[in-house]
2 protein chains.
Amino acid sequence: MRKIGLKEIEDIALGAALLGAGGGGDPYVGKLVAIGAVKECGEVTMLSVDEVPDDALVVPIAMMGAPTILSEKAVGGNEYKTLFEMVTRFYNREIFAFMPIEAGGVNSMLPIAAAARLNLPLIDADGMGRAFPELQMVTFTIGGVRATPMALVDEKGNSVIFDTITNKWTEELARSVTMSCGGSVSVSLYCIDGATLKKYAVRDIVTRSEKLGAAIRTVKQTTGKTPEESFFEFTEGYKLFKGKIVDVLRETRGAFNFGKVVLDGIGEFKGQSADVEFQNENLVARVNEKILATTPDLICIVDTETFTPVTTDALKYGKRVMVVGLKCFDMWRTEKGLELVGPRYFGCETDYIAIEERCKQGEEKHV
Amino acid sequence: MRKIGLKEIEDIALGAALLGAGGGGDPYVGKLVAIGAVKECGEVTMLSVDEVPDDALVVPIAMMGAPTILSEKAVGGNEYKTLFEMVTRFYNREIFAFMPIEAGGVNSMLPIAAAARLNLPLIDADGMGRAFPELQMVTFTIGGVRATPMALVDEKGNSVIFDTITNKWTEELARSVTMSCGGSVSVSLYCIDGATLKKYAVRDIVTRSEKLGAAIRTVKQTTGKTPEESFFEFTEGYKLFKGKIVDVLRETRGAFNFGKVVLDGIGEFKGQSADVEFQNENLVARVNEKILATTPDLICIVDTETFTPVTTDALKYGKRVMVVGLKCFDMWRTEKGLELVGPRYFGCETDYIAIEERCKQGEEKHV
């Protein structure tokens, strides 16, 4: 048990932007929501998964929709209270705590705001260990946990409860409503008991975000190594590419941000080219036409100077960036995991090969 | 209080097809559902509005979506039970009775099936006195009654509860889900207490449907007048046109059936032409380019021989039909009523003029 205040929020937001793997929306927007709530209602108590009683009801809080739209719409002050009341009423029992469903961007921040406003603890875990674009893409789905009953509210005050036969149907129906509500809404789903949480949650992910954020913030203060060396040391990441953005293709379709960014190499990558495809999150990184990383491993794009994560929304012509690969949570590498979030699900015609394998093959070739 | 059995269902279905004003879907499909339920579970007790205690909870049951699609999908046996449980759970109180929300076609039948299966009474009333295509188009909206909480289930077992800020938002969100569920679903909405029901319901509409149905069934058995004379006597309708269908334009868009039927006059209308536009229900009837009737008055198309109502789904080239106008429920003719269901709402560039006025003007011109 520890407290999450303004300083922690800054670091969590920064680290979660990296774990967002390009998605999850502008962390700045989410941060403002969390900071506003904590300033008004006080710090949030964060518990580890082991501190949750087996029979306690834990309720994930998130926004659903295209992050590009979220940053143009406010999150209403009463949305979490409405979600709280809907879930309490549906289950007819007390909510023990809130948690994030994904570690990326805005959705790492909103549960903090909700916890502050409703004076509930926050659990140090999520269901992805990163961000993913569709709501069935959580470890809980692997564990057979149902997304529903799912509560949805928009900033105008409309609310909906879904109870569906599969998590894919939840995605289908909730996505329709999200679009009708203007493209972004607040939701509670995968309400889960402590015992199941302990089996399937990605543990300590808020703490990991915070540590990553703190490290990025202080990356230039380390002595004895370059900021870049320091960055790769604490992220345990793979340097996939470094380049200048020469093209960004972008399309908002079905409440998703689809697109592709094209890079011309700089530094040691001079003369080479790369591209990264995304659906909210980065899906595939290709260097010189060769795939170096695919979902579910994390493909992160960071600024070459500050190492600040760059979301797909913020990709701009001329920007100098580094493409970084991070290993995903183990459960995603199982057969069931890859069915949900492997490259083929997203229409990429390649099998999943773990990033460490792909990069090793690359090195062998370079030799 | 009286019993609704198989004989009553036959007549109600036939009369409700007329009140459907072209919409409400194939009455045959609805009839099969109601007959199946009554055969399995017994006759239904029907109560008049005055027999409902002021504080009793009355729950309308309907299908939502394009009737064309409904006739290709079955209504699952458990849908009403699910709706019953959802509403009971939401209100945490007992349901006193079911009722139809519209008198037209399928939706006049499904509440009978629901009442039989759940062993609840049926109330002899609806919220339209006819059929309309959108869910906010009920007298209850005029009375400020909220459509939500609205329960929705599909035949696969997905279910949704809506709670919206306006009835137009209910339409918007529920329509999205209906489309995602394949175009037709079962719903409960405008759950209402007895006191409000007494103020805004269209009373005795099931009985009226039944009488209309019985009269159509026996139209050729009356002595001393032609079947046509007899038909206009009991319907108190206006004969707008009689002709052969020479064109039907049809389009399913946004879970609605849009279209237009064009007629060449026969009998006393020989040499004249007419057309009727529809959105699920018939909206405007024009004879020789002159509007003779518009929504919310009922524009019904019936077979010239049998006087059987012809729904917009069943309009076919070559069919000989009569276009009949019926006065709508008084409340629709108020300013608030016309805002909801007047011709301008449906994009028809004309003010509402009561059918008896339009037809009188026509007669004067003929003189």
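How many residues does the range A:177-201 hold that are surrounded by fewer than 24 Cβ atoms within 10 Å (Cβ to Cβ) and part of a helix (DSSP H, G or I)?
Number satisfying all stated conditions: 8.
For a quick check of your reading: which strands (runs of 3 or more DSSP E) sit entirely within the range A:91-167 and have at least 3 residues that are touching a Pro at 6+ places or on another chain (Cβ under 8 Å) and of a type in the set (A, V, I, L, M, F, W, C)?
Hits in the range A:91-167: A:97-100.
Here's the yes/no breakdown for (1) farther than 19 Å from B:MET150 by Cβ; (2) out of contact with any Leu (no Cβ under 6 Å at 6 or more places or on another chain):
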site	(1), (2)
A:ASP154	no, yes
A:GLU171	yes, no
A:VAL177	no, no
A:TYR190	yes, yes
A:LEU197	yes, yes
A:ARG203	yes, yes
A:ALA214	yes, yes
A:GLN221	yes, yes
A:GLU228	yes, yes
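Could you list, in sequence order, the residues of the range A:159-172 that are facing another protein chain (nearest Cβ under 7 Å) and either surrounded by 23 or more Cβ atoms within 10 Å (Cβ to Cβ) or of a type outside the set (Asp, Glu) (or both)?
A:SER159, A:VAL160, A:ILE161, A:PHE162, A:THR164, A:ILE165, A:TRP169
Of the residues A:ILE9, A:ILE69, which is modelled with pLDDT of 95 or more and either within 13 Å of the chain's Cα centre (by Cα) or closer than 29 Å to A:LYS316 by Cα (or both)?
Only one candidate qualifies: A:ILE9.
Just to be sure before I move on: is A:TYR190 at positive phi, at pLDDT 90 or above and not assigned by TED's automatic domain parsing to the domain that holds A:LYS327 in the structure I sent?
Criteria met by A:TYR190.
Would you confirm whether or not the range A:58-75 contains a residue that is on the phi > 0 side of the Ramachandran plot and part of a strand (DSSP E or B)?
Yes, that holds for at least one residue.
Just to be sure before I move on: is A:GLU356 in a loop (DSSP other than H, G, I, E, B), over 17 Å from the mean Cα position of the chain (by Cα) and on the phi < 0 side of the Ramachandran plot in the structure I sent?
no
Counting only residues that are in a loop (DSSP other than H, G, I, E, B) and either in contact with a Cys (Cβ under 7 Å, 6 or more places away or on another chain) or within 14 Å of B:SER209 (Cβ to Cβ) (or both), how many does the range B:23-57 have?
So the answer is 1.
List every residue pair whose Cβ atoms sit under 8 Å apart, with the two residues 6 or more apart in sequence or on different chains, where the first one lies in the range B:173-189 and is under 13 Å from B:SER159 (Cα atoms) and at the interface with chain A (Cβ under 8 Å from one of its Cβ atoms) and the second, anywhere, is among the β-branched types (Val, Ile, Thr) and buried (at least 24 other Cβ atoms within 10 Å of the Cβ).
Once the first residue is under 13 Å from B:SER159 (Cα atoms) and at the interface with chain A (Cβ under 8 Å from one of its Cβ atoms) and sits in the range B:173-189, its partners that are among the β-branched types (Val, Ile, Thr) and buried (at least 24 other Cβ atoms within 10 Å of the Cβ) give B:VAL177/A:VAL177; B:VAL177/B:VAL160; B:VAL177/B:VAL185.
Consider A:VAL262 carefully, then state whether it is within 27 Å of A:VAL219 (Cα to Cα) and in contact with a helix residue (DSSP H, G or I) (Cβ under 9 Å, 6 or more places away or on another chain).
no
Would you check if there is a residue in the range A:137-153 being closer than 24 Å to A:LYS39 by Cα and under 22 Å from the mean Cα position of the chain (by Cα)?
yes
Could you identify the single residue in B:ASP124, B:ASP204, B:ASP154 that is surrounded by fewer than 24 Cβ atoms within 10 Å (Cβ to Cβ), among the acidic types (Asp, Glu) and farther than 21 Å from B:LEU338 by Cα?
Step by step, each of B:ASP124, B:ASP204, B:ASP154 is checked, and only B:ASP204 is surrounded by fewer than 24 Cβ atoms within 10 Å (Cβ to Cβ), among the acidic types (Asp, Glu) and farther than 21 Å from B:LEU338 by Cα.
So which residues in the range B:220-246 are more than 22 Å from B:ILE355 (Cβ to Cβ) and at pLDDT below 95?
Hits for the range B:220-246 are B:LYS220, B:GLN221, B:THR222, B:THR223, B:GLY224, B:LYS225, B:THR226, B:PRO227.
Give the residues of the range A:29-68 that are in contact (Cβ under 8 Å) with a residue 40 or more places away in the chain and surrounded by fewer than 18 Cβ atoms within 10 Å (Cβ to Cβ), sorted by residue number.
A:GLY36, A:GLU40, A:CYS41, A:GLY42, A:GLU43, A:THR45, A:SER48, A:ASP50, A:GLU51, A:PRO53, A:ASP54, A:ASP55, listed by residue number.
Which residues, counting only those in the range A:88-121, are hydroxyl-bearing (Ser, Thr, Tyr) and either at pLDDT 95 or above or surrounded by fewer than 24 Cβ atoms within 10 Å (Cβ to Cβ) (or both)?
Listed by number, the residues that qualify are A:THR88, A:TYR91.
Can you tell me how many residues within the range B:133-151 are surrounded by fewer than 23 Cβ atoms within 10 Å (Cβ to Cβ) and either within 22 Å of B:THR252 (Cβ to Cβ) or within 14 Å of chain A (Cβ to nearest Cβ) (or both)?
Number satisfying all stated conditions: 4.
The values are calculated or read from the model by the stated rules, or taken from the named source; none is laboratory data. Computed from a predicted model, the values in this text were never measured in an experiment. Cβ sites come from the backbone with ideal geometry, for glycine too, and all protein chains shown count toward neighbours.
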